Amino acid sequence: MISPLVTCRSLAVLLAAATLAPAAGTAVAAVPAVSTARAGRGAASPAPPVPLSDLVPGVPPGPAQPWQIDTPDQALPPKVYTPTKAEDAVEPKGAAPGTYDLIEYVPLGDAVGKVSCSKQTGPYQKQVEKWLKLTVDGKQSAADCKAIRAFQVKYKIKPAIGFAGPVTWSTMMLLSAGKNPNAAGKCPVKSYRVACVDLDRQLTWVQKGSKVVFGPVPMRSGRKGYATRKGWHTVYWRHKNHWSTLYAQPMPYAQFFDGGQAFHAVYGSIHTTVGSMGCVNLELGDARKLWDVLKKGDKVYVWGRRPGT
């Protein structure tokens with residue numbers, strides 16, 4: 001089910017692209033940024049970062065990459081039963097090629113104008129500047145754009161136009177976590193397995209004692225008003241081929257830990273500006289691996305806050 005907000009935004013992008021697309025052989029004019037200066041008051045003051053709500057996918061989506069789809073999460077706890085061996089023997093279908101491509105969210109003007117290097121200040125400008133060891137001033141510059149663009153090219157983030165967006169930031173968080181995602185000690189260390197859900201960095205992993213036995217991997221948690229609930233939980237039901245009755249969509253490798261909230265795969269990007277309806281969304285390959293690591297009765301610990309909520 002496509003949310004009304006995203007539908008309207010997607011239509012706006014498509015209409016704008018159709019309206020602004022030049023005729024064959026003509027040059028594309030850059031879409032000017034809106035100046036915050038007023039007549040008679042000197043030079044323009046720096047524009048604030050572009051808010052997440054104003055960003056759109058930077059490249060046209062293919063069949064496997066819809067603009068944005070609401071995740072097939074459960075509003076209420078599912079009906080628990082014991083799946084048969086025959087049911088569990090069926091593996092969920094694979095994801096189409098390109099489903100999990102890293103598509104950055106960028107300003108509409110940049111997407112339509114197909115700029116090579118963005119002049120816009122991104123919502124994660126300061127964080128990205130700090131990660132790349134640039135001057136941390138929270139303002140986009142030519143040097144910033146060049147460095148960010150090089151990072152995006154290296155890690156196959158499209159479009160590589162140097163905009164400090166959520167996908168670039170998320171990729172940096174995953175790289176920073178490395179083999180020791182619990183360096184800050186925010187996930188309790190126990191003698192048993194604990195699935196750690198870090199809402200701040202949008203990462204999840206499993207540790208037993210201080211040893212990481214799965215991940216870290218990127219994930220998508222609940223949006224504003226539908227937050228993934230914090231604190232301790234327990235995996236109480238696992239259903240490999242679960243089907244959401246709310247959204248009539250598959251929830252592959254679902255592992256429920258609190259009411260209708262579960263770890264599960266989605267057949268779409270987990271790197272979106274809007275979160276899930278509460279579940280912890282994973283890429284299919286990661287959800288499949290997590291299925292082999294967690295068991296019924298294992299503990300889950302959730303903390304932090306999803307950016308933008």
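Could we say that Ala111 is at pLDDT below 90 and open to solvent by less than 40 Å² (accessible area, probe 1.4 Å) here? When the stated conditions are applied, Ala111 does not pass them.
Of all the criteria given as (1) more than 22 Å from His271 (Cβ to Cβ); (2) assigned to a helix (DSSP H, G or I), the one not satisfied by Val213 is (2). Candidates are the residues of the stretch 193-210 that are basic (Lys, Arg) and part of a strand (DSSP E or B); the one that is least open to solvent (accessible area, probe 1.4 Å) is Arg193.
Just one of (1) out of contact with any Phe, Trp or Tyr (no Cβ under 8 Å at 6 or more places or on another chain); (2) open to solvent by 20 Å² or more (accessible area, probe 1.4 Å); (3) over 17 Å from Asp298 (Cβ atoms) fails for Lys186. It is (1). Taking the criterion of being within 12 Å of the chain's Cα centre (by Cα) and farther than 17 Å from Arg305 by Cα, the residues of the stretch 168-211 that qualify are Thr168, Thr171. Inside the stretch 138-150, residues that are part of a loop (DSSP other than H, G, I, E, B) and open to solvent by less than 70 Å² (accessible area, probe 1.4 Å) make up a count of 3. One residue stands out among those in the stretch 221-278 that are under 26 Å from Ser170 (Cα atoms), hydroxyl-bearing (Ser, Thr, Tyr) and part of a loop (DSSP other than H, G, I, E, B): the one that is most open to solvent (accessible area, probe 1.4 Å), which is Tyr226. Inspect the stretch 163-174 for any residue being open to solvent by less than 20 Å² (accessible area, probe 1.4 Å), over 24 Å from Asp101 (Cα atoms) and either in a loop (DSSP other than H, G, I, E, B) or not charged (D, E, K, R) (or both) and give the result as yes or no. Looking for residues that are open to solvent by less than 20 Å² (accessible area, probe 1.4 Å), over 24 Å from Asp101 (Cα atoms) and either in a loop (DSSP other than H, G, I, E, B) or not charged (D, E, K, R) (or both), one finds none in the stretch 163-174, hence no.
Taking the stretch 247-281, which residues are among the hydrophobic types (A, V, I, L, M, F, W, C) and farther than 22 Å from Pro188 by Cα? Once the filter is applied, which keeps residues that are among the hydrophobic types (A, V, I, L, M, F, W, C) and farther than 22 Å from Pro188 by Cα, the stretch 247-281 yields Ala248, Met251, Ala254, Ala265, Val266, Ile270, Val274, Met277. Being assigned to a loop (DSSP other than H, G, I, E, B), surrounded by fewer than 24 Cβ atoms within 10 Å (Cβ to Cβ) and at pLDDT 95 or above is a property that holds for Lys296. Exactly one residue among Gly62, Gly122 is under 21 Å from the mean Cα position of the chain (by Cα), at pLDDT 75 or above, closer than 25 Å to Val217 by Cβ and outside any helix (DSSP H, G or I), and that residue is Gly122.
The values are calculated or read from the model by the stated rules, or taken from the named source; none is laboratory data. Note that the coordinates shown come from a computational prediction; the quantities given were computed from them, not determined experimentally. Positions of Cβ are backbone-derived with ideal geometry, glycine not excepted, and every protein chain shown enters the neighbour counts. Surface areas here come from the heavy atoms of the whole protein model, side chains and all, with no ligands, DNA or RNA. Shrake-Rupley method; radii C 1.70, N 1.55, O 1.52, S 1.80 Å.
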